[in-house]
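One structure below.
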There are 2 protein chains.
Amino acid sequence: MAESTAKPPAKNSAKTSAKSRRGGRASKSGTKSPKLGMTESGKRVTSYDVARVAGVSQSAVSRCFKPGASVSKKMRDKVMTVAKELGFQPNAIARSLITRRSNMVAVIINNLTNLNYPELLVQLSRRFDERHVHVLLFTLEHESDVDKMLDQVWQYQVDGVISAARLSEEQVSFFEERGVPLVFYNRSFQDFPVSAICCNQEEGERLLVNKLHGAGHRNFAVISGPADSVVSNQRTQGALNRLKELGVTKVPVEEGDYGYDSGRIAFRHLMSKRKPPDAILCANDVMAIGCMDAARHEFGLKIPEDVSVVGFDGTSTGAWASYRLTTIDQPLEIMAEAAVNMLMERVENPELPPEKRTFSGVFLEGESAQL
Amino acid sequence: MAESTAKPPAKNSAKTSAKSRRGGRASKSGTKSPKLGMTESGKRVTSYDVARVAGVSQSAVSRCFKPGASVSKKMRDKVMTVAKELGFQPNAIARSLITRRSNMVAVIINNLTNLNYPELLVQLSRRFDERHVHVLLFTLEHESDVDKMLDQVWQYQVDGVISAARLSEEQVSFFEERGVPLVFYNRSFQDFPVSAICCNQEEGERLLVNKLHGAGHRNFAVISGPADSVVSNQRTQGALNRLKELGVTKVPVEEGDYGYDSGRIAFRHLMSKRKPPDAILCANDVMAIGCMDAARHEFGLKIPEDVSVVGFDGTSTGAWASYRLTTIDQPLEIMAEAAVNMLMERVENPELPPEKRTFSGVFLEGESAQL
DNA sequence: TTGTAGGCGTTATCAA
DNA sequence: TTGATAACGCCTACAA
């Protein structure tokens, strides 16, 4: 075991020859190495380099960078000094390989012009950062790309996944089978247990209907989002269901795509009906804004006198003085926080069963509806 | 060197004992392993598992997943079949360790409510994805966090960095010393060679000034962004410089924070001057919108009759019917594409010298200014 | 074309 | 508390 013949040569020959790279304790005081974090041979400084210069074992170096490890103060000082001197930082990739924790989570969003996602992303990123977890971003162009993307996510050995995109049951199983915690953001399954953070879309929409109906509106219309958007369907159904309960039927539904222009176009369509609506429920704020602009600028209508318009989301643009949109505010920050918590709990403890947390939206009274 | 005593046993003992995990060729036809991608002992399927089941060497498996490797069709079929059967995907972390390429790039943005960044992020992510490169997101809360963040970036061994946040000269050197390619987005240094993709802020602003001045405006004001924003300073200075050249001096400058409210507040301040402006240059679209709203709703002014307002960015909101903002459109998609290209070129060939590409903004005529 | 064996830079396990 | 040594899962000469 101590015969310095067979084993050592291979690994050590490199290390030994490397010993001359950086003369012992290169710096007396000011002779700092020119390239911090790099050896003279142009390679990344490793814990071996630090160990050599500090005259300790490599494992000692490793321990010094592990919080709560058993190291003497003397050792720690010595190692940390050299580490700083050489610009050493442990390689997270190598660490991930052995610990099986990458400290990375995947965030999946689809590329729709959902004015909310960008903000969500920033919120998530901030909160993960606080926990020293990093966000690996996956944006979907088309739903069909999902499977390839899932493979990528798996390859990168992420600790968990937050998905603001819909996944099929098989795709959910993909992660479940592999023991990768998954938390949905604003999507869920009824017939399949998954963890999710949601805003209660239906409830919010019902609230809006109640307000409008209570104010005497009877002539409703709905502008939905894209047909394949779960959130849009929930909102639209929420509105229609409540209206039905209140005895209002035959409510025209125009399909939009969440974008400004589609709101305008939908409004035009509604105005071409034999009985134009006096209250319009839009599946998001941006379409509501498009709707208002069409009403005012194309039809010369006054809002809310001639027609009431409400949205959903609580985006900052809705509050602009030109719109003062009445809407439901999704508590985005709270939801982001909750999503991060829920995911990290499951990363720490994979046995936790799926859980859903549903937040109510907050009614935001603007001036776009007669109430 | 060939004494089979010391070395082999250790490694092989594990592999051999593992051989019993999955009975040879588990599936005859339908007996699929319950958990795809996982061995029966609950570990991730590795290339060794595939090799064992397929009855080939591990390196053969590895080669089959390397595009353009020298493998017989028979071998490839055999391996790929088993791989699919077991749900094997190569571990990108392990691969990164040996190849020293993580196929991850860091994207650094600061958290300001810059309505453009989110969109930029989506664009970058899309384009990197196409190259099978993944985005590791870093958002800065405060400038002071930068250094900690840089260490993180380095630890994750990213192949390159795109920064839409300003970095100090030392911070730039950090990457340069370590051979990590860095491309700035809309920031640059004059006295330090770095790669960057920029929109020509100054030029755009001068264009706006020319148009306004040519239309007879003489009474200008500027609403700047935050004092520490490079882009804002470039825009503001561009405007002021051109105005000076045209003989217009004593131009009041109000400082905003890029947000809607700050545009409104700035407008109020301007109106309290003894000589209110008739042309206002705003450092971004959102402030211009705030400005317009204040003018209309707080002061009952007409735009552009009473006051001309122009912005900068070309955000979609600026085109909304209530604003029809005259502005400069930054070619975001083109810039994102260019940034990705520039970075990846340097990842492939680290010897490439720094390069700057500056795109001109496109004048977008709306109806918010008398021209 | 295929297999053998060494190394990438850590952490983890055990003696010392 | 410290130091040797074995993984982690892959890629890549080199040899067959």
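How far is A:HIS142 from the same spot in each other copy, in nm, shortest first, if each label point sits 7 Å from Cα toward Cβ? Computed spacing set for this position: 4.7 nm.
Sorted from nearest, the other copies put their A:GLN190 label points 6.4 nm away, the label point being 7 Å from Cα in the direction of Cβ. Approximating the spin labels as points 7 Å out from Cα along Cα→Cβ, the A:GLU298-to-B:GLN190 distance works out to 4.9 nm. Based on Cα contacts under 8 Å between residues 6+ apart, chain B shows a relative contact order of 14 percent.
If you take the accessible area of A alone, add that of B alone, and subtract the area of the pair, what total do you get in Å², probe 1.4 Å, to the nearest 100?
Numbers: alone 19730 and 19770 Å², together 34030 Å².
For A against B, buried area totals roughly 5500 Å².
Going through the cross-link list B:LYS244/B:LYS273; B:LYS43/B:LYS84; A:LYS84/B:LYS148; A:LYS250/A:LYS302, which pairs have a Cα-Cα distance over 23 Å in this structure? Over 23 Å Cα-Cα: A:LYS250/A:LYS302.
Taking a ≥ b ≥ c as the square roots of the eigenvalues of the alpha-carbon gyration tensor, the range B:50-122 is classed prolate because a/c is 1.5 or more and a/b outweighs b/c. If you bin all the Cα-Cα distances of the range B:201-330 at 10 Å, starting from zero, the percentages per bin are 14, 51, 32, 2. Compared with the dominant principal axis of the Cα atoms in chain A, helix A:7-18 is inclined by about 80°. Annotation: A:HIS269 carries an accessible surface of approximately 90 Å², with a 1.4 Å probe and no ligand, DNA or RNA atoms counted.
For chain B, the share of accessible area belonging to carbon and sulfur comes to 51 percent (1.4 Å probe, ligands and nucleic acids excluded). If you plug the beta carbon distance of A:VAL362 and B:SER62 into 1/(1 + (r/R0)^6) with R0 = 60 Å, you get a FRET efficiency near 0.65.
Its relative contact order, with pairs defined as Cα atoms under 8 Å and 6+ residues apart, puts the range B:201-330 at 24 percent.
Could you tell me which of rounded, prolate or oblate describes chain A, using a ≥ b ≥ c as the square roots of the eigenvalues of the alpha-carbon gyration tensor, with rounded for a/c under 1.5 and, failing that, prolate when a/b is larger than b/c and oblate otherwise? It comes out prolate by the Cα gyration axes. Can you list the residues of the range B:293-341 that have at least 50 square angstrom less accessible area with all protein chains present than in their chain by itself, probe 1.4 Å? Relative to the lone chain, where solvent access is computed with a 1.4 Å probe, the range B:293-341 loses at least 50 Å² at B:TRP320, B:ALA321, B:SER322.
Spin-label model, A:GLU170/A:LEU246: points 7 Å from Cα along the beta carbon direction are separated by 4.3 nm.
Ranked by accessible surface with a 1.4 Å probe, highest first, in what order do A:GLU367, B:GLU202 come?
Details: A:GLU367 115, B:GLU202 70 Å².
Per-residue accessible area, sorted high to low, gives A:GLU367, B:GLU202.
Helices in the protein assembly as shown, meaning DSSP H runs of at least 4 residues, each add -39500 (n - 2.57). Divided by all residues, the mean residue ellipticity at 222 nm is -12500 deg cm²/dmol. Copy-to-copy label distances for A:LYS66, where each label lies 7 Å from Cα along Cα-to-Cβ, are 3.2 nm in order of increasing length.
Think of the axis that spins chain B onto A; the B residue whose C-beta lies nearest it, and the distance in whole Å, is B:PRO118, 1. Going from the chain on its own to the full set of protein chains, the range B:136-169 has these residues losing 20 Å² or more of accessible surface (heavy atoms, 1.4 Å probe, no ligands, DNA or RNA): B:LEU136, B:LEU137, B:PHE138, B:THR139, B:GLU141, B:ASP151, B:GLN152, B:TRP154, B:GLN155, B:TYR156, B:GLN157.
Might you tell me the accessible area per residue for the protein assembly as shown, computed with a 1.4 Å probe and given in Å²?
Working: 34030 Å² over 742 residues.
Computed with neighbouring chains in place, this is 46 Å² per residue.
Cα-based values for the protein assembly as shown, radius of gyration first and Dmax second, are 30.0, 97 Å.
Buried on complex formation within the range B:36-58 (loss of at least 40 square angstrom of accessible surface versus the isolated chain, 1.4 Å probe, ligands and nucleic acids ignored): B:LEU36, B:MET38, B:ARG44. Can you tell me the FRET efficiency between B:THR81 and A:GLU305 if r is taken as the Cβ-Cβ distance and R0 is 60 Å, rounded to the nearest 0.05? After rounding to 0.05, the efficiency reads 0.30. Relative contact order of the range B:94-227, taken over Cα pairs closer than 8 Å and 6 or more residues apart, is 21 percent.
Based on the Cβ-Cβ distance of B:GLU130 and B:ASN349, what FRET efficiency does E = 1/(1 + (r/R0)^6) give at R0 = 25 Å, to the nearest 0.05? Mind showing how you got there, number by number?
Details: r = 19 Å, r/R0 = 0.78.
Calculated transfer efficiency: 0.80.
The values are calculated or read from the model by the stated rules, or taken from the named source; none is laboratory data. All of these numbers come straight from a predicted model, not from anything done at the bench. Cβ: placed from backbone, ideal geometry, glycine included. Neighbour counts: every protein chain shown. Surface accessibility is based on the protein's heavy atoms, side chains included, excluding ligands, DNA and RNA. Shrake-Rupley method; radii C 1.70, N 1.55, O 1.52, S 1.80 Å.
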